[in-house]
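Trainee: My questions all concern the structure below.
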Amino acid sequence: MSEALVASQPPGTDTPVPGASGARQFWRRLRAQRAALVAAAVVALLVLVALAAPLLTALEGQDPTTYHPSLIDSARGGVPIGSFGGISADHWLGVEPQTGRDLFARLAYGARVSLAVALAATVLQVFLGIVIGVASALGNRWVDQLLSRVTDIIVALPLMIMSLALLAIVPSSFPRPVLVSLVIGLIAWGNIAKIVRAQTLTLKGLDYVLAARLSGWGAWRIARRELLPGLAAPVITYAALLVPTNISAEAALSFLGVGVKPPTPSWGQMLTAADVWYQAAPQYLLLPAGALFVTVLALTVLGDGVRTALDPRAASRLRVGTGRRNETGGAGTGKEETS
């Protein structure tokens, strides 16, 4: 409820707390979706592995950059010695062809890079989308037209082509993970800006926003106190779906050779180096590809679950459908009993 409307209520009137109630409803709806819970557990495990990568690799006794030439069969072109890519007690997932670097260590550190780049790019996209979308909806006609046309241009830009062009001209001394995050975030904020603008235009006509404007509040205070809480659900939903998209974009850029550079490990970079080893050492290709597939799938399922949990119409459709089935079943039972 708007603070302007709350201030007008008589003293002693109980005011509901929609935020707490909405949070409880969200968790209840999310817990009802088993696929979303499984996806959340997988995502939590991946984040834990990424955060604990130094501890896990220290426990294994390896690191992602040390070469082990004694574990490579040079006579066979650099294929790892031993079965299943050189899996052993010292190398849990085997070693990398030609270099002998530990695959588990590179996968764990690669998860840090891929997830960090995707999350940083998502935060930047959400920030720019909210600022530009709200400014466009609250501004005058000329501001709205200008920002809307800029947003249309951004949406029309091909992400991969623009990223390739920008990453190719930036000096190699610039930290590559930071650069990839900036490039993805600065190019792909257009869709969320459109969503925020449309939702803000809808919220502007509601009673509590009009009451706040009549109370003399400025545009910034209205946006911060009244509009942003109403924008939380669509923004969180879209952001949850942006993370897997950004992970795929980072992997594609690294695969094309313009993303994260060696020796920093990245799943996309590992796929680039593994494309010629799919027959001699298939685990070198399957491990990063499988990790990328599971991560994107889990984040996509979790994002869809968050969207459903934040959509109040989902629960109402379920209740209405169940009620109709119950009424139909009850009517049919009554007819059978009457006959």
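The values are calculated or read from the model by the stated rules, or taken from the named source; none is laboratory data. Values in this document were obtained by computation on a predicted structure and should not be read as measured data. Heads up, the Cβs are rebuilt from the backbone with ideal geometry, glycines too, and the neighbour counts pull from every protein chain shown.
Trainee: For region 184-243: of the residues being among the aromatic types (Phe, Trp, Tyr) and within 30 Å of residue 114 (Cα to Cα), which is surrounded by the most Cβ atoms within 10 Å (Cβ to Cβ)? Please lay out each step first, then the result.
Mentor: The initial filter retains those residues of region 184-243 that are among the aromatic types (Phe, Trp, Tyr), namely 189, 208, 217, 220, 238.
Subset that is within 30 Å of residue 114 (Cα to Cα): 189, 238.
Working: 189: 27, 238: 20.
It comes out as 189.
Trainee: Which condition does residue 26 not pass, out of (1) in contact with a helix residue (DSSP H, G or I) (Cβ under 6 Å, 6 or more places away or on another chain); (2) modelled with pLDDT of 85 or more; (3) among the aromatic types (Phe, Trp, Tyr), if it passes all the others?
Mentor: If we test residue 26 against (1) in contact with a helix residue (DSSP H, G or I) (Cβ under 6 Å, 6 or more places away or on another chain); (2) modelled with pLDDT of 85 or more; (3) among the aromatic types (Phe, Trp, Tyr), just (2) comes out false.
Trainee: Right, next: Can residue 174 be described as at pLDDT 95 or above, under 30 Å from residue 255 (Cβ atoms) and surrounded by fewer than 14 Cβ atoms within 10 Å (Cβ to Cβ)?
Mentor: Spelling it out, it is not the case that residue 174 is at pLDDT 95 or above, under 30 Å from residue 255 (Cβ atoms) and surrounded by fewer than 14 Cβ atoms within 10 Å (Cβ to Cβ).
Trainee: In addition: Name every residue in region 88-123 that is assigned to a helix (DSSP H, G or I) and either touching a Phe, Trp or Tyr at 6+ places or on another chain (Cβ under 6 Å) or surrounded by fewer than 18 Cβ atoms within 10 Å (Cβ to Cβ) (or both), in order of residue number.
Mentor: 104, 110, 114, 116, 119, 123
Trainee: Of the conditions (1) touching a Phe, Trp or Tyr at 6+ places or on another chain (Cβ under 8 Å); (2) more than 19 Å from residue 181 (Cα to Cα); (3) at pLDDT 85 or above; (4) of a type outside the set (Val, Ile, Thr), residue 251 fails just one. Which one is it?
Mentor: Answer for residue 251: the failing condition is (2).
Trainee: Scanning for something modelled with pLDDT of 90 or more, surrounded by 18 or more Cβ atoms within 10 Å (Cβ to Cβ) and of a type outside the set (D, E, K, R), does region 268-287 turn up at least one residue?
Mentor: The answer is yes, given that some residue of region 268-287 is modelled with pLDDT of 90 or more, surrounded by 18 or more Cβ atoms within 10 Å (Cβ to Cβ) and of a type outside the set (D, E, K, R).
Trainee: For region 53-81, how many residues are assigned to a helix (DSSP H, G or I) and not basic (Lys, Arg)?
Mentor: Residues that pass the stated criteria total 13.
Trainee: Return the residues of region 51-78 that are within 12 Å of residue 99 (Cβ to Cβ) and touching a strand residue (DSSP E or B) at 6+ places or on another chain (Cβ under 9 Å); say none if nothing qualifies.
Mentor: Answer for region 51-78, where residues must be within 12 Å of residue 99 (Cβ to Cβ) and touching a strand residue (DSSP E or B) at 6+ places or on another chain (Cβ under 9 Å): 64, 66, 68, 71, 72, 78.
Trainee: Inside region 34-87, can you point out the residues that are of a type in the set (Phe, Trp, Tyr) and crowded, with 18+ Cβ neighbours inside 10 Å?
Mentor: Scanning region 34-87 gives no hits.
Trainee: Quick check, is residue 25 outside any helix (DSSP H, G or I) and surrounded by 13 or more Cβ atoms within 10 Å (Cβ to Cβ)?
Mentor: On the way: outside any helix (DSSP H, G or I): no; surrounded by 13 or more Cβ atoms within 10 Å (Cβ to Cβ): yes.
For residue 25, the condition - outside any helix (DSSP H, G or I) and surrounded by 13 or more Cβ atoms within 10 Å (Cβ to Cβ) - is not met.
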